[in-house]
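Here, each number is a calculation from the coordinates, and none is a lab measurement. From a predicted model like this one, the values you see are computed outputs, not experimental measurements. Neighbour counts run over all protein chains shown; Cβ positions are idealised from the backbone, glycine included.
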Amino acid sequence: VPSRWIDVSVPLKTDMVHWPGDPAARISRTLDVERGDSYTVSFLEMGAHTGTHIDAPAHCIRGGPTIDDMPPDAMIGRGRVIAIRDRESVKVRELERHGVRRGERILLKTVNSGQCWESDAFVEEFVYIAANAAHYLAARGVRLVGVDYLSVGAFRGDGEETHRALLGAGVWLVEGLNLAKVRPGPVEFVCLPLKLLGADGAPARALIRPLQSGGGRRR
Ligand SMILES: [Zn+2]
């Protein structure tokens with residue numbers, strides 16, 4: 001019996017947390033049946049890197065692929081949730097223990113999942129991918145990397161290098177996952193961004209279905 005799909009995206013709402021300096025999210029109604037209109041129509045306003053979203057290489061690489069260039073199979077298929085114990089950052093020495101392989105879809109579950117999404121205030125001290133760990137993942141040739149707060153890189157310090165190391169190597173990034181309900185291990189993963197033409201990023205819905213360890217050859 002296949003296990004159920006788990007929604008690992010965060011809800012989008014007005015005044016939700018966002019990266020400092022990015023536009024605030026606002027979801028309002030231009031028409032509303034509750035006010036006597038014939039239909040309800042919502043108006044959405046938000047940065048492309050708010051909530052659960054995908055970073056395209058064009059986010060920081062000039063002339064890089066944009067969201068609409070993303071091959072859908074980058075974001076659909078087998079993946080692996082890796083539990084990160086370090087409460088500061090994802091480091092090479094912890095990744096090394098997990099034997100990351102070429103082509104893997106790697107989803108990093110840190111303490112962020114249980115801690116950061118409780119609040120609408122931005123958490124500056126989230127667990128990030130240290131720049132040398134980003135170079136390590138890029139060199140391993142992973143297909144995608146997913147993280148459980150708003151950026152792969154640190155709020156201060158080498159966040160830009162972390163992005164460049166991964167996006168420059170053609171690794172697609174999912175940011176803003178909430179992996180609190182998911183155990184480490186093999187999974188099926190689906191995450192599809194809105195098809196924003198020429199965009200650097202886009203909001204996405206992400207789902208995970210755990211696979212039995214060992215018996216997970218099924219696609
Ligand atoms: Zn982003």
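Exactly one residue among 82, 67, 106, 76 is under 29 Å from residue 2 (Cα atoms) and touching a Pro at 6+ places or on another chain (Cβ under 7 Å), and that residue is 82.
Do any strands (runs of 3 or more DSSP E) entirely within the stretch 146-219 hold 3 or more residues that are within 11 Å of the ligand (Cβ to nearest atom), and if so, which?
Numbers: elements: 172-175, 185-193, 201-210.
Because the criterion is at least 3 residues that are within 11 Å of the ligand (Cβ to nearest atom), the strands (runs of 3 or more DSSP E) in the stretch 146-219 that meet it are 172-175, 201-210.
Here the condition is being aliphatic (A, V, I, L, M), under 19 Å from residue 205 (Cβ atoms) and either in a helix (DSSP H, G or I) or in contact with a Cys (Cβ under 9 Å, 6 or more places away or on another chain) (or both); of 74, 58, 48, it holds for 74 alone.
Would you confirm whether any residue within the stretch 87-100 is closer than 19 Å to residue 122 by Cα and in contact (Cβ under 8 Å) with a residue 60 or more places away in the chain? I'd like the intermediate steps shown before the answer.
We begin by selecting, within the stretch 87-100, every residue closer than 19 Å to residue 122 by Cα; these are 87-89.
From what's left, in contact (Cβ under 8 Å) with a residue 60 or more places away in the chain: 89.
Yes, the conditions are met somewhere in the stretch 87-100.
Of the numbered criteria (1) over 28 Å from residue 16 (Cα atoms); (2) under 12 Å from the mean Cα position of the chain (by Cα); (3) not acidic (Asp, Glu), the one residue 186 fails is (2). For the residues 20, 57, the requirement of being within 16 Å of the ligand (Cβ to nearest atom) and touching a helix residue (DSSP H, G or I) at 6+ places or on another chain (Cβ under 6 Å) singles out 57.
Taken over the stretch 77-89, the residue count meeting the criterion of being in a loop (DSSP other than H, G, I, E, B) and either within 16 Å of the ligand (Cβ to nearest atom) or surrounded by 13 or more Cβ atoms within 10 Å (Cβ to Cβ) (or both) is 3.
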